[in-house]
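> Below are the structure tokens for one structure; questions will follow.
Please treat every number below as a calculation from the coordinates, not as lab data. None of the values given here were measured: they were computed from a predicted structure. Don't worry about glycine lacking a Cβ; one is built from the backbone with ideal geometry, like all the others, and counts go over all protein chains shown.
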Amino acid sequence: MTQADIGLIGLAVMGQNLVLNMNDHGYTVAVFNRTASKVDDFLAGPAKGTKVIGAHTLNEFVSKLKTPRRVMLMVKAGDPVDQFIEMLVPLLDRGDIIIDGGNSHYPDTTRRCQTLKSKGIYFIGTGISGGEEGARHGPSIMPGGHPEAWPHIKKIFQDIAAKVETGEPCCDWVGDEGAGHYVKMIHNGIEYGDIQLICEAYQLMKDVLGMTSDEIADTFGSWNTKELDSYLIEITADVFRKQDVDGTLLLDQILDVAGQKGTGKWTGISALDRGVPVTLIGEAVFARCLSAMKDERVQASKKLKGPSPHFKGDRQSFLKNIFQALYASKIISYAQGYMLMREAAKDYHWKLNYGGIALMWRGGCIIRSVFLSKIKQAFDKNPNLYNLLLDDFFNGEVNQCQTGWRETVAAATMQGIPVPCFATALSFYDGYRCARLPANLLQALRDYFGAHTYERVDKPRGEFFHTNWTGTGGKVSASSYSV
């Protein structure tokens, strides 16, 4: 009986395409789905003529796997993952490997690693990006978990992953426990930001400059040959050329209400937990929340007053400004995402390879872009780089974009166009380069009303003081101080 190199559970779009990708690279894959008919449909349809082996029960599925058994779960994050793990454990032996390839929350991955290790079973939580096309022809893969399992899946994962121009796979070991899913979460958060930045550029083109869909498509197509060369810019140009069945622009028929699955929100929560100002991803999440308030916005549009967009000036000059705002804000977003990864790595004692992460994102994934090669170069040059803005290349790029960036934000404000991500990126940049912020007043106020204490510029860091501001407040101060 032929035995499979790896087994995969969950034959939705991503699962099916990963199986076919593995088959293309010479691996025999066993498949199982809770709805058994999906196995038969897959074998009679997309997998017809392949070496894929079907199974109708978990026992049969496990029996078809070579040892150590490698079982990949491509099921909905949350309870379904735990349910399958619970069913699999009695059927597996010590040293077997369970891989979760869904968008699981990284604390769940850490918990599963700890629970399964006590049973002698290895666990890998791996982020996979690239959508169905990436899964079929080469995704970005971000594995983390038990490092002992990595040698047993490394070749399979690196064979099926996307490759950069030099042939390196967009897949490498990320770190222990939840590290792989954490890095995928940051990837998705940055994706939220990238998409919102593109949307803000679009609204300025459409509502301020009055550009046609063809003009907007041509503009994004042109930008895709420059510093913004990326998958998302490329497909944005395609979107503006797609017609509905009646010959009109399909985009105009799509309701302006954005969906989300939680990874952007998780990124924001992680940033707040660590005190890292990941403002751009946060605004991108809130922009989706605001879009969901469609009925309220329609009512508000009839009552709330503001300027009506009207542009006077040189269109090409303003388009250049929008380009610079988008490019500079994108740099800020990645800088913030890397700041957050570095802080999380400290908390969880992960040894993240930041240049390697940029390489993993360089191909296959949704945020893939030429831009990422510059991030890899920055960390190759200085592995201890805390903020991308302190790298000479990114410092220079942002500086060149500053004037257009500022003029874009100012013009959008005067025209009544919301640009939350352009604006928050600029505010972060100005705050980050400011040697003295007004937080001294903030601390004075906190100490005045709550005796929260403050530090002094003429004393060493770590010494705290309290002032009796009113003369009647006494000398007792709060015991906690957090920055």
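> Output the Cα-based Rg and Dmax of region 159-259 in Å, rounding Rg to one decimal and Dmax to a whole number.
Rg and Dmax of region 159-259, Cα atoms, are 17.4, 52 Å.
> Filter K76/K261; K119/K346; K38/K154 down to the pairs with a C-alpha to C-alpha distance above 20 Å, please.
K119/K346; K38/K154
> Under 24 Å Cα-Cα from K305, which lysines qualify once same-chain neighbours fewer than 8 residues away are excluded?
Reachable lysines: K206, K294.
> Positive end of the dipole of the chain, charges at C-beta (+1 Lys, Arg; -1 Asp, Glu), about the Cα centre: which of M293, W469, T219 has its Cα farthest in that direction?
Of the options given, the answer is W469.
> For H349 and F311 in the same chain, what is the full-extension length gain: residue separation times 0.36 nm, less their Cα-Cα distance, in nm?
That works out to 8.5 nm of additional length.
> Another question, then. Less than 13 Å Cβ to Cβ from S291, Lys/Arg counted +1 and Asp/Glu -1: what total charge do the surrounding residues give?
Result for the local shell: -2.
> May I ask for the net charge around P169, where only other residues with Cβ less than 9 Å from the Cβ of P169 are counted and Lys, Arg are +1 while Asp, Glu are -1?
My count for the surroundings of P169 gives -2.
> Then there's this: What ranking of T267, T35, T50 emerges when the number of other C-beta atoms within 10 Å of each C-beta is taken as an exposure proxy, fewest first?
T35, T50, T267
> If you don't mind, there's one more thing I want to ask. To the nearest 10 degrees, how steeply does helix 213-223 sit against the main Cα axis of the chain, on a 0 to 90 scale?
80
> With just the Cα atoms defining each centre, how far is region 416-466 from region 66-98? Give it in Å.
48
> Can you give the Kirkwood hydrodynamic radius for region 96-147, in Å, rounded to one decimal and based on Cα pairs?
Mean inverse Cα-Cα distance, inverted, gives 11.5 Å.
> State the extension gain, in nm to one decimal, for the chain segment bounded by D252 and D40, taking 0.36 nm per residue of separation less the distance between their alpha-carbons.
So the chain would gain 72.4 nm between D252 and D40.
> Just rank E215, E200, fewest to most, by other beta-carbon atoms within 10 angstrom.
Result, fewest neighbours first: E215, E200.
> Expressed in whole Å with the largest first, what are the equivalent ellipsoid semi-axes of the chain derived from the C-alpha gyration tensor as the square root of 5 times each eigenvalue?
Whole-Å semi-axes of the equivalent ellipsoid: 42, 32, 21.
> Same structure, new question: How would H137, H187 line up from fewest to most surrounding beta-carbon atoms within 10 angstrom?
By the 10 Å Cβ count, ascending, the order reads H137, H187.
> Have a look at the DSSP beta bridges in the chain and tell me what percent are antiparallel, nearest 5.
About 30 percent, rounded to the nearest 5.
> Please compute the modelled spin-label separation between D79 and R461, points set 7 Å along Cα→Cβ, answer in nm with one decimal.
Label-label distance for R461 and D79, simple model: 4.7 nm.
> Mind jotting down a quarter of the surface of the convex hull over the alpha carbons of region 1-123, in square nanometres, one decimal?
Its Cα hull, projected and averaged over all orientations, spans 7.0 nm².
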